[in-house]
Every structure is written in C-alpha cells, then in structure tokens.
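Have a look at the structure below before the remarks.
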Amino acid sequence: MQSGIAKNFAMASLQALLCAAALLLLVLDARAASATLVQDKCESYAGGDRSSYDYCVWKLGRDAGSASADARGLAAIAARMARASAKDTGDRIARMQANETVPARRDCLAACAAEYAAAVRRLGRAARGAARGGGAGLQRAQTLLAEAAGTPARCDGAFAAAGQDSPLAGADRGLDDEIELALSLLPSTPPAPPVN
C-alpha cells in the first residue's frame, strides 16, 4: 500500500510540474509576442537609426502595459507619456509664474501655461482616441497629436517675440519626441466607406 501511495504522489507531482511548465511556456510565448510587436513598431519608428530604436524600446518599456498592448495600446501609452511630460512642464511653468517679477516674462509664462494646458488636454484625448480605435478615433488621435506637436517651440516663440530668453529653451524637447513616437505608433486609419 505504501508503494501505491508513493506512486500516486509521484504521478500527481509530475502532472503538477507539467502543468506549471505548460503555463510558463504560454506566459513566455505571450511576452515574446508583445516584445516582438514593440520591437517591430520601434524598428518602423526608427527607420534604421539605432538610437531612435533604443529610445522607442526604452520609452515603451517604462510602461508595464506595453508588454500586453496591441498597436493602438502602444500609441495610447506613448500619448499618455507625452501628456505626463506636458503636465510636468506645465507644473514647472506654474512654479516659475509664482516667482516671476518682470511683467514681460510673466506674460510669456502665461502664454506658455496656456499652450501646455492645451497640450495636456489634447494629449489626454489623443490617448483615449488611440485606445478606442476605429477610423474616427484614430483620425481624431492623429489630429490631436499633430496639434500638440510644437508646443515647446510655440512657448519659446512667445519669449522670443517679447525679446526675452526662455527659461525653458531646450528643456522640453522630449515632448515633441514623445508626440512623434505616438504618431508613428498609431495604426493607419481605415479608408472611409464609399458614398452611395
């Protein structure tokens, strides 16, 4: 009887081990598929430029959701990252506004604050549109991302027009890179249905 119990225990242990191994293989296969999607999308984004590829993989790798995201999800992740960057810069501008005493610079900071607030709204809506998908959602996301692009340059332009040096010059060029990444990750919008 002792031998039968040991044999049943060994068989049950072997079955449990095989089930665990099969589950591990499924998880690894799913991760490999999503890693391949990230790699494919980043290769397309980079167009052969190694530093752009590394940037793309690094940026998307910072969000745990990228491991299981589809193409729309990756675009939404990049748009959310751009939104976070725009919000951080907007918060930085608000801190500068509180301490600025020169009226011309205060006006420039107010213009920048408005630009970045608009960018935060647009990027949030773009992320939702990308995640939602569909022709209209993707097209709307593309439009909103394009409208948010250039926010740092418009802010610097406000200072230049007032004859002032921008305290933000070059500090937020990463925002345009993130927006460009989100735009490149957006799946192409399906063609409009024919009109009868």
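The values are calculated or read from the model by the stated rules, or taken from the named source; none is laboratory data. Small disclaimer: the values here were computed from a predicted structure and weren't measured. Methodologically, a virtual Cβ is constructed for each residue, glycine included, from the backbone with ideal geometry; neighbour enumeration extends over all protein chains shown.
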Tell me yes or no: at least one residue of region 129-151 is modelled with pLDDT of 90 or more, surrounded by fewer than 20 Cβ atoms within 10 Å (Cβ to Cβ), within 12 Å of the chain's Cα centre (by Cα) and part of a helix (DSSP H, G or I). yes
All but one of (1) out of contact with any helix residue (DSSP H, G or I) (no Cβ under 6 Å at 6 or more places or on another chain); (2) farther than 18 Å from Cys112 by Cα hold for Arg140; which doesn't? (1)
Hey, can you tell me all the residues within region 97-113 that are among the hydrophobic types (A, V, I, L, M, F, W, C), in a helix (DSSP H, G or I) and either farther than 19 Å from Ala84 by Cβ or at pLDDT below 95 (or both)? Ala98, Ala104, Cys108, Leu109, Ala110, Ala111
In the list Asp165, Asp156, which residue meets the criterion of being surrounded by fewer than 17 Cβ atoms within 10 Å (Cβ to Cβ), at negative phi, modelled with pLDDT under 95 and acidic (Asp, Glu)? Asp165
